[in-house]
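Notes for the one structure printed next.
What follows is calculated from the coordinates using simple rules that are stated; it is not laboratory data. Everything numeric in this text was worked out from a predicted model, so none of it was measured. Here the Cβ is made from the backbone with ideal geometry for all residues, glycine too, and neighbour counts use every protein chain on show.
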Amino acid sequence: MLNLLRRAEELGSVFADLRSFYVDDLSLNVSESREYVQTNGIESGHSLRVLYNGNWGYSSFVNPGSEEVKRAIDSAYGDEKVNIVYLPPKHDEVKIRPKKEVNKGIEEIRDDLRKIKEKVMQDSRVKAISVRYFNQKVRKEYYSTEDREILQEYSLSGVYLSAVAFDSGVMASAYYGVATYEGYPLEVFDENSMVDIILKRINNQLKGKVPTAGESEVILSPDVVGVFSHEALGHLAEADLAVNGILYPLRGKKIAPDFVTIVDSPRHDLPMSIGITPYDDEGVEGREIKILDNGIVSEFLVDRYFAVFLGQRPSGNARAEDFRSPVLIRMRNTYMYPGKWSVEEMISEIKDGYLVVSPLGGQTSPDGTFQFGIQEGYRIEKGEVKEPLRNFGIAGYTLETLGRIEAVSKNFDMWPGFCGKGGQSVPVGTGGPHVKVKVKVGGNA
Amino acid sequence: MLDVTSILDKAKNLGLSAEIYYVERKEYEITREKQTFSKSLNESGYGLRVFKDGRVGFAYSTKLEESLLQRSMDTMKVSEKDEANYLPEIKPVNSLPLFYKVDPFEICKTYIEELSDLRGKINVISITSSAYEVKVGLENTEGEKVEETRSGIYAGVIANYVDGSYVGPEIYEYSTFRYPKKDLTTIKDTIISKVQSTAKRIKLDFVPKSVIFTPKAMSELFVPLFSRAISEEYAYRRRTPLRSNDIIKEGLKIVDDPTIGDSIYSRSFDGEGIESKLNVILDGQIKTYLSNTYWARKAHVENTASAYRNYSSQPVISPTNLLVRYAEHSVEENSKVVVDSVQGVHTSNFDTGEFSVVSPVAWLIKDGKRIGLRELTVTGDLLQLIRGILAISKAEETYGNLTIGNVEVEGISIA
């Protein structure tokens, strides 16, 4: 591989790097009507990037050959203005090992999924269920003309459940999932707790009512705060989006109370922090970025190019889903720091509002609007948690919402997710404490 | 030398029925943002399915290797015995003209330059153009084979309104096609007028009786929910809000046509090698759910040849080109709320069809002028969205794989 880099230099590239991806992939699905392997295979490929005449050129391929260097150089196109951070030579190996080695055969995994299916279907209202297991063993190699050689290995696994139930003509569905680098998910996490949560959500959805649309005081759970930190703020802090968005002009300005700090970090100790990225796909060591530091807009997530453009130290946020895809600025583990309040104290202060527990995902726009779907939530009346709510959404303006945060709890949790951007999906961790704030709740007008 | 046929011969000698789905893809793409970058991809991949005694196994690889067969056989152990697991029968197909040779670098460069005209007129965030050609084929142990080469082109631009501290929402306009277009004037004119409509936005201060969804909004909201809801898999598993015996909407007709020449979603055969055909999905009520070989046999219905796949996964069900028509065409825009874009559809409940999404690009028509609206939430469900249709304009547009006019709907909550 190193000869491809040398050849790129000989042909006039001032910089070149090569990413090699090797992924051993398995996904198994057990449902009420079918048991089968959804995907199972080996993906092996490479991506050569050259900086030639001030432009990036790429060649992504399965079979390496010297012609790929020419293809990368011939593909270079742009304004001849690309300027990047160069790094010193470095050779390193990072192998993230599970806490307990996984020695499960495919039939044992299938049997474990079956057990979960059977437990959930003991509730006669449940008519359909999918229990999906996935595992990706990933080996990444990075080489650059700076003499950087970085090897990383990890194994990511998860179990996702979704179920549909009917009761008295009402249809409801719910979802729950876990993912981790720490080993076989059904040994790292409690299977019974997963079953209990999905059944509770089904029950809530069957009984729940859609809330009335409008602004309301809410308590957001760690799961929702994580998605808020990621979707509503994190994307705005990705330098490629930030330069056209609302956050960049606010650098150094205070937009939230002192007790609000939101970071993006290459590592976190909780088992579902699956955005772990010791080195990014530009061979850069990851460091924690304080996007919001005690309420003040502080730093942005950068790649080698935007590090120069914004005058920031490289952060290790350049990631690519696979060998086919160019590197983009992406988050890793994005979360809000915990605060001083107890959750009970925060709930007791709400006269008429909602407890928002579990999101179905979210989306944001550089103008600062965000939207999350919610699958588990409850009405709060006079400081007490009341009846459950059926599927609804929350939305708002990020800056307005951050400025309205009234309290942040002591407790903290992290959740796994997969973030989409530019057609690519990468594993991320999101998390935080409970938060008391006012947002727009979508429901019946 | 190891090739597709030799792996299939080995499978046959082991008493297996088997098929290999293979892909060879070449793609070139330029994205011009603050940082411009290109992508040049040369990829191949192979997906092997093996069948025996009602069980199925699967494995894939980016390289054709001996281990593919063993790996796919290993996974048969976890397949339940099921009469619906059997090798699809491939027959010769009428090949559609789906390939048009272009110089990918030149065509992308041309569109990037043309869309770069927008710089200086509006705040352009990103311009992308890509061109690809992909050879897709299927061969099985019965000696049957289909193969074709498809090509496609994409051109798109993202822009917003910026004035001092005011930042408008991102607006995305794009087009996909097979035959090179002479110019991209429609994209340019459309994005300029939409960006201008977000220069100033007000909050909606009344509850509208009806709302108009543009073709773009329908492609973002309706297509993902509907595509999932009309899959035979989810109908069989009761995970769809669209029931087959119900009258869903008199006068509404929705078809899936995989044979449209200029659409990049067209194909001569589906992901299992079965010849493409037009399917009437809905005509007042559901006429057919879309199926592939497994789900057609499982549900004892006709196979609509709607298998969709890449080499790295087993076939799923997906529509190709959706065309939506309704008997009533009169859409009066004055004093109405028009939703042009929605975000957060992936947060919907796809089993029930319930959604609660935000519209970053919406406007109110007053005396023929657009008044931008901010922070609009759109809440409802798929069935309400279909049943509430009052009219669909005759003038149609195509966004992605949907061709439809402006759609006026009542019963959806707008706040």
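With q set to 0.10 Å⁻¹, the log10 of I(q)/I(0) for region A:214-442, from the Debye formula over equal scatterers at the Cα positions, is -0.42.
With θ taken as phi - 60° and the Karplus curve 6.51 cos²θ - 1.76 cosθ + 1.60 applied, the whole-hertz 3J(HN,Hα) list for region B:223-239 is 4, x, 5, 5, 4, 5, 6, 9, 7, 4, 4, 6, 5, 4, 8, 6, 10 Hz, x standing for glycine and proline.
Can you tell me what percent of all Cα-Cα pairs in region B:246-289 are more than 13 Å apart? Result for the distance tail: 60 percent. Each eigenvalue of the Cα gyration tensor of chain A, multiplied by 5 and square-rooted, gives one semi-axis; in descending order these are 40, 29, 17 Å. Convex hull volume of the C-alpha atoms in region A:2-207, normalised per residue: 176 Å³. Relative to the longest principal axis of the Cα atoms of chain A, the long axis of helix A:191-207 lies at roughly 60 degrees. Amide H to amide H, with H built 1.01 Å from N, B:Arg374 comes under 5 Å of B:Ile202, B:Lys203, B:Leu204, counting only residues 5 or more places away or on other chains. Across the alpha-carbon atoms of region A:366-445, the computed radius of gyration and Dmax are 14.8, 45 angstrom. Label separation (B:Asp183 vs B:Ser165): 4.1 nm, computed from points 7 Å beyond Cα along the C-beta direction.
Extension gain for A:Lys382-A:Asp123 works out to 89.9 nm (0.36 nm per residue, less the C-alpha to C-alpha distance).
Scaled against 2.2 N^0.38 Å for its residue count N, the alpha carbon radius of gyration of the protein assembly as shown is 0.91.
Rg ratio for chain B: its Cα radius of gyration over 2.2 N^0.38 Å, N being its residue count, equals 1.08.
Its Cα gyration tensor gives region A:115-179 an equivalent ellipsoid. The semi-axes, each the square root of 5 times an eigenvalue, are 44, 12, 6 Å from largest down. The charge dipole of region A:30-187, taken about its Cα centre with unit charges on the Cβ of Lys, Arg, Asp and Glu (plus for the first two, minus for the last two), comes to roughly 460 debye. Computed from the Cβ-Cβ distance with R0 of 35 Å, the FRET efficiency linking B:Lys369 to B:Lys34 stands at 0.55. Under Stokes-Einstein, with the Kirkwood radius over Cα pairs standing in for Rh, what whole-number D in µm²/s applies to region B:311-372 at 20 °C and 1.002 mPa s? Using the Kirkwood radius from Cα pairs, D works out to 139 µm²/s. Distances between placed amide hydrogens fall under 5 Å for B:Gly400 paired with B:Thr176, all partners being 5 or more residues away or on another chain. Maximal additional length on extending the A:Lys209-A:Lys115 stretch stands at 30.7 nm, based on 0.36 nm per residue less the C-alpha distance. Rounded to the nearest whole Hz, the Karplus-based 3J(HN,Hα) values (6.51 cos²θ - 1.76 cosθ + 1.60, θ = phi - 60°) of region B:260-268 follow the sequence 5, x, 8, 8, 6, 8, 6, 7, 6, with x at glycine and proline. Panel order for A:Leu250, B:Leu87, by other beta carbons found within 10 Å of each beta carbon, from fewest to most: A:Leu250, B:Leu87. What is the list of residues in region A:210-227 whose amide nitrogen lies under 13 Å from a point 7 angstrom out from the Cα of A:Asn411, following Cα to Cβ? Only A:220-224 pass the distance filter. Can you tell me which of A:Leu241, A:Leu156, A:Leu11 moves the most in a GNM of chain A? Springs connect C-alpha atoms under 10 Å apart. Taking springs between Cα atoms under 10 Å, the residue moving most is A:Leu11. Between the residues B:Ile212, B:Gln196, B:Thr288, the greatest Cα displacement towards the positive end of the dipole of chain B, with unit charges on the Cβ of Lys, Arg, Asp and Glu, is found for B:Gln196. Across peptide B:377-386, the mean count of Cβ atoms from other chains lying within 10 Å of each residue's own Cβ comes to 3.
Over the C-alpha trace of region A:9-81, radius of gyration and Dmax come out as 18.5, 59 angstrom. Seen from every direction in turn and averaged, the convex hull around the alpha carbons of region B:4-193 projects onto 15.1 nm².
Of the residues A:Ser44, A:Tyr181, A:Ser168, the one whose Cα sits farthest towards the positive end of the charge dipole of region A:2-207 is A:Ser168 (charges of +1 on Lys and Arg Cβ, -1 on Asp and Glu Cβ, taken about the Cα centre). Residues A:Trp56, A:Trp341, arranged from fewest to most other Cβ atoms within 10 angstrom of their Cβ, appear as A:Trp341, A:Trp56.
Once the Cβ-Cβ distance of B:Ser193 and B:Lys253 is raised to the sixth power relative to R0 = 30 Å, the FRET efficiency obtained is 0.45. Charging the Cβ of each Asp and Glu at -1 and of each Lys and Arg at +1, and nothing else, the dipole of chain A about its Cα centre rounds to 720 debye. Considered as an equivalent ellipsoid built on the Cα gyration tensor, region A:134-224 has semi-axes of 40, 19, 12 Å, the largest given first. When you work out D = kT/(6 pi eta Rh) for region B:200-415 at 20 °C and 1.002 mPa s, using the Kirkwood radius from C-alpha pairs as Rh and the Stokes-Einstein form, the result is 120 µm²/s.
Each residue of region A:273-279 was assigned a 3J(HN,Hα) from its phi angle through the Karplus curve 6.51 cos²θ - 1.76 cosθ + 1.60 (θ = phi - 60°); the sequence is 7, 8, x, 4, 9, x, 10 Hz, with glycine and proline shown as x. Each of A:His46, B:His346 has some number of other Cβ atoms within 10 Å of its Cβ, and from fewest to most they run B:His346, A:His46. Entry note, chain A: the mean residue ellipticity at 222 nm calculated from DSSP H runs of n ≥ 4, each adding -39500 (n - 2.57), is -5000 deg cm²/dmol after division by the residues and rounding to the nearest 500. Which FRET efficiency value, to the nearest 0.05, is calculated for B:Glu106 and B:Asn245 with the Förster distance at 51 angstrom and r the Cβ-Cβ distance? Result of the calculation: an efficiency of 0.40. Dividing the C-alpha radius of gyration of region B:150-240 by 2.2 N^0.38 Å, with N its residue count, gives 1.49. Extension gain, A:Glu187 to A:Arg267: 0.36 nm times the residue separation minus the Cα-Cα distance gives 26.6 nm. Can you compute the helix-only [θ] at 222 nm over chain B? Use -39500 (n - 2.57) per DSSP H run of at least 4 residues, normalise by all residues, nearest 500 deg cm²/dmol. The per-residue figure over chain B is -5500 deg cm²/dmol.
Of the Cα atoms belonging to region B:179-318, the radius of gyration and Dmax stand at 19.0, 55 Å.
Dividing the convex hull volume of the alpha-carbon atoms in region B:295-415 by its residue count gives 150 Å³ per residue. If only the Cβ of Lys and Arg carry +1 and only the Cβ of Asp and Glu carry -1, the dipole of region B:200-415 around its Cα centre is close to 400 debye. Modelled this way, with points 7 Å down the Cα-to-C-beta line, the labels at B:Asp3 and A:Glu285 are 5.2 nm from one another. Amide hydrogen proximity for A:Phe392: with H placed 1.01 Å from N in the peptide plane, the residues at 5 or more positions away or on another chain lying under 5 Å are A:Ile374.
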